[in-house]
Protein chains: 2
Amino acid sequence: MSTEFDLEQFLPYRLSLLSNRISSEIAESYRDSHQINISEWRIIAVLGQYPNSTATELKHYTAMDKVGISRALKNLTQRQLVTSENHEHDGRARKLMLTPAGNHLRTEVIPKVSACEQKLTSVLTKTEIRQFGEIIDKLLHD
Amino acid sequence: MSTEFDLEQFLPYRLSLLSNRISSEIAESYRDSHQINISEWRIIAVLGQYPNSTATELKHYTAMDKVGISRALKNLTQRQLVTSENHEHDGRARKLMLTPAGNHLRTEVIPKVSACEQKLTSVLTKTEIRQFGEIIDKLLHD
DNA sequence: ACATTATAGTTACAAATGAAACTATGTTGT
DNA sequence: ACAACATAGTTTCATTTGTAACTATAATGT
């Protein structure tokens, strides 16, 4: 019968629970110690990987919307964790990069979030961790 | 080196992407046709399973906070999808239940969200679907 | 060249969310 | 009985978030 439906067995619901729980646990690891939120952390992480990105490129890498990026960048720039330069070929865009302080924060946070991830996956076998990653990829890329 | 960190490979980040994408896709399937949001849908789904629940019990089943539940219930009650009675043993609590209209909405939405779930998992093999569920359970219950 | 349309990014406003204070009822200890 | 504390649920207020409008620059078509 289609009138039977068990929310707690519904995969999207369980996925949402899991993701929210993990995200807030990880966010704790830089919120209290470094006063940054998830959006700001994502931008810092990406600018470490891809310096001189524009906001539009950040949008692509972080899956955030442009308003969220603009706001996070405003804060990060005020706090001198991020700085910017004119873009050579496009007067509308800015090239963004971490300041030394921003880069320092990044190197402090990386081990914390990595430890979180490891603690999290420590209840899984190596095989399960691999499977989990593969399944997520399949679902993300369809 | 701990200064290497690839956001797009970071499991919690990918999980968050996946969960958000799936949640909004499913939310579409009742938002436009039935004008309810995720919180409201969760409450309707649970009240179908567990009629006469109190708000506190809903909190347990839906993983929502009590403010969100109170607000969702206010809307649902105004729209006459949910109704309530005094609780026999506790004057502070109310017993909540779906109205016929609420129940009807539920039976209309269930096949839609189930189809969504099926479409979603259709890129996975039966084995992968089982593995995925087991891994999520492990992670949720540690 | 210039009008049209598209894109980069910001701002303004509205809706959603969360934390804390609040009301009302219930429970516990003396 | 009654004081102290705990719990059910709501409301208030501040913060966050999303949508739409906006400015500025770039690209396109005639």
Would you pick out the residues in the range B:116-125 that are closer than 25 Å to residue A:21 by Cα and open to solvent by less than 80 Å² (accessible area, probe 1.4 Å)? B:116, B:117, B:120, B:121, B:124
Test residue B:49 against the criterion of being open to solvent by 20 Å² or more (accessible area, probe 1.4 Å), away from DNA strand D (no atom under 15 Å from the Cβ) and free of Cβ contacts under 8 Å to residues at least 24 places away in the same chain, and give yes or no. yes
Close pairs from the range A:101-129: first more than 9 Å from chain B (Cβ to nearest Cβ), partner outside any helix (DSSP H, G or I) and among the β-branched types (Val, Ile, Thr), Cβ under 7 Å, at least 6 apart: A:102/A:82
Qualifying residue in the range B:30-38 (condition: over 15 Å from the mean Cα position of the chain (by Cα), within 11 Å of DNA strand D (Cβ to nearest atom) and surrounded by 13 or more Cβ atoms within 10 Å (Cβ to Cβ)): no
Across the range A:64-82, what is the total count of residues that are buried (at least 17 other Cβ atoms within 10 Å of the Cβ) and not in a helix (DSSP H, G or I)? 3
Among the residues of the range B:126-142 satisfying the criterion of being over 20 Å from the mean Cα position of the chain (by Cα) and farther than 20 Å from residue A:122 by Cβ, which is least open to solvent (accessible area, probe 1.4 Å)? B:128
Please enumerate the residues belonging to the range B:31-43 that are more than 11 Å from DNA strand C (Cβ to nearest atom) and either facing another protein chain (nearest Cβ under 10 Å) or over 18 Å from residue B:77 (Cβ atoms) (or both). B:32, B:33, B:41, B:42, B:43
Taking interchain pairs and intrachain pairs at least six residues apart, which have beta carbon atoms under 9 angstrom, with the first residue in the range B:57-70 and farther than 17 Å from residue B:140 by Cα and the second aromatic (Phe, Trp, Tyr)? B:57/B:50; B:58/B:50
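The values are calculated or read from the model by the stated rules, or taken from the named source; none is laboratory data. Every value quoted in this text rests on a predicted model; they were computed, and no experiment measured them. FYI the Cβ positions are ideal-geometry reconstructions off the backbone, even for glycines, and counts take in every protein chain you see. Areas reflect the complete protein model, heavy atoms only, side chains present, ligands, DNA and RNA absent. Shrake-Rupley method; radii C 1.70, N 1.55, O 1.52, S 1.80 Å.
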